[in-house]
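Student: The structure that follows is given in the form of structure tokens.
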């Protein structure tokens, strides 16, 4: 092995493998040392053997493995079915560019070992990261979807296939509120302030709208063409000339005030908390407690940190069906604020939270989703021939499916029906 295969992690000062081959060569000796360093494995116990070592495809960042182990002394609280995530993907430059996302995820994984951590996450066996090289590794419990009371995994933007959709989002938002409230109530480990510092000036610069006014208007024109070519994929009100004219008029105004909007959002101290950035249902698992109520655990914590809770809510709700936004958003926001308060956090105002959520809908939509029509057409050149958004060809193409659904959510969320529902509830 060369020096590039192994680096000393910044968090636990353990030499960590950069890729699967290095981990395989490190074998049980490395795993025992790593699990001892994190506290996941008692010093008088060791990993005795590796019984599965299988690459796991998927995800938008680093390489992943399914890892199974046996211990010298087995115990009920020691998981043998594990999941490994590397920050690096040396064979895919685009995926490798996101290697820095694992740093905050590794810090969160180690924090989650604290008894005071308030929500379920995959049990952390080891996590470390080397900032200079972007090399990191995370080893956690493997969630057994569809077994032992855990529901099957849900894919992103297929909520129309999910049973009891509202109940699942209620469980999801309770978990988010519990984490935010516990943090705001200073009931988490004191290391949060140093491990996840909040810098409002830096936050204002993240996820900026990277287009000029003319570039955005060009994208509105492309959306107009897309809506005319494939109206069956969109709600009727989002294909009307009136809606598109309104969109073209309002985008320049929003772009003009982007800096002030960001300063406002990141200046709301009560609304800044430790949050999961992308809590879609595909980054969660669900089970029922002893009372038959749905509970939720969260995984894939890339970009976790202190942020405006409305941004976290956008991450959680951006893949939801628009019926949920129309009918259930007021009760979901109320549920979230209640959970924050119950866990020691401040009394957040539902109407103010809704307003901030709508601002993030616009910010994130303009920053990341205005190229959706072009991406969809590249993925599915036959887009005009699709029967509806439920067409099997669209369902099978995750990129096209997600781009279409999230663009629809963003465009619909600011319509009068959604806004009026929250205002009346407040």
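Computed from the coordinates by the stated procedures, all read-outs in this text should not be read as laboratory data. On a predicted model such as this, the values are computed, not experimentally measured, just so you know. Every residue, glycine among them, receives a Cβ derived from its backbone with ideal geometry; neighbour counts consider all protein chains shown.
Student: Between [x] 0.95; [y] 1.06; [z] 0.97, which matches Rg/Rh (Cα atoms, Kirkwood Rh) calculated for the structure shown?
Tutor: [z]
Student: Return a whole-number percent for the relative contact order of segment 187-291, with Cα pairs under 8 Å and 6 or more residues apart as the contact set.
Tutor: Details: 28 pairs, mean separation 35.9, N = 105.
Reported as a whole number, the value is 34 percent.
Student: While we're on this one: What angle, in degrees between 0 and 90 and rounded to the nearest 10, separates the Cα long axis of helix 20-38 from the longest principal axis of the Cα atoms of the chain?
Tutor: Around 80 degrees separate the two axes.
Student: Okay, next question. Could you give the nm distance between label points at residue 48 and residue 375, where each point is 7 Å from its Cα heading toward the beta carbon?
Tutor: 4.8 nm
Student: Have a look at the DSSP beta bridges in the chain and tell me what percent are antiparallel, nearest 5. Write out the running numbers ahead of the final one.
Tutor: Values: 36 of 37 bridges.
DSSP beta bridges in the chain are roughly 95 percent antiparallel.
Student: Return the percentage of antiparallel bridges among DSSP beta bridges fully within segment 3-141, rounded to the nearest 5 %. Please list the in-between numbers first.
Tutor: On the way: 26 of 26 bridges.
Of those bridges, close to 100 percent are antiparallel.
Student: I'd like the distance between the alpha-carbon centres of segment 1-31 and segment 47-113, rounded to an integer number of Å.
Tutor: Taking the Cα centre of each part, segment 1-31 and segment 47-113 sit 12 Å apart.
Student: Order of 272, 119 from fewest to most other C-beta atoms within 10 Å? The partial results should precede the final answer.
Tutor: Values: 272 21, 119 17.
Ranking 272, 119 by Cβ neighbours within 10 Å, fewest first, gives 119, 272.
Student: Averaging sequence separations of C-alpha pairs under 8 Å and six or more residues apart, then dividing by the length of the chain, give the relative contact order as a whole percent.
Tutor: Working: 703 pairs, mean separation 67.9, N = 426.
Reported as a whole number, the value is 16 percent.
Student: Moving to a separate point now. Per-residue ellipticity at 222 nm for the chain, helices alone: DSSP H runs ≥ 4 residues times -39500 (n - 2.57), over residue total, nearest 500 deg cm²/dmol? If you can, show how the numbers build up before the last one.
Tutor: Numbers: 17 runs with 192 residues, N = 426.
One gets -14000 deg cm²/dmol as the mean residue ellipticity at 222 nm.
Student: Suppose a student asked you for the relative contact order of segment 33-181, using Cα pairs under 8 Å spaced at least 6 residues apart; what percent would you report?
Tutor: On the way: 229 pairs, mean separation 28.2, N = 149.
Across segment 33-181, relative contact order equals 19 percent.
Student: Subtract the Cα-Cα distance of residue 55 and residue 327 from 0.36 nm times their separation in residues, and report this length gain in nm to one decimal.
Tutor: Values: separation 272, 0.36 × 272 = 97.92 nm, distance 4.18 nm.
Result for the pair: 93.7 nm of gain on full extension.
Student: I need the Kirkwood Rh of segment 3-141: take the reciprocal of the average 1/r across all distinct C-alpha pairs and report it in angstrom. Intermediate results must be reported in sequence, preceding the final value.
Tutor: Details: mean 1/r = 0.0668 Å⁻¹.
Every distinct Cα pair counted, the radius reaches 15.0 Å.
Student: Round to the nearest 10 and give me the degree value, 0 to 90, for the angle of helix 101-111's Cα axis relative to the longest principal axis of the chain.
Tutor: Orientation of helix 101-111: about 60 degrees from the principal axis.
Student: Please give the length that would be gained between residue 97 and residue 77 if that part of the chain were fully extended, namely 0.36 nm times their separation in residues minus their C-alpha to C-alpha distance (nm, one decimal). Mind dumping the intermediate values first?
Tutor: Details: separation 20, 0.36 × 20 = 7.20 nm, distance 3.58 nm.
Contour length minus Cα-Cα distance gives 3.6 nm.
Student: On a 0 to 90° scale, report how tilted helix 398-413 is relative to the longest principal axis of the chain, with both axes built from alpha carbons and the result rounded to the nearest 10.
Tutor: Rounded to the nearest ten degrees, it is 50.
Student: Give the separation of the Cα centroids, segment 137-152 to segment 326-374, in Å.
Tutor: Going from one Cα centre to the other spans 28 Å.
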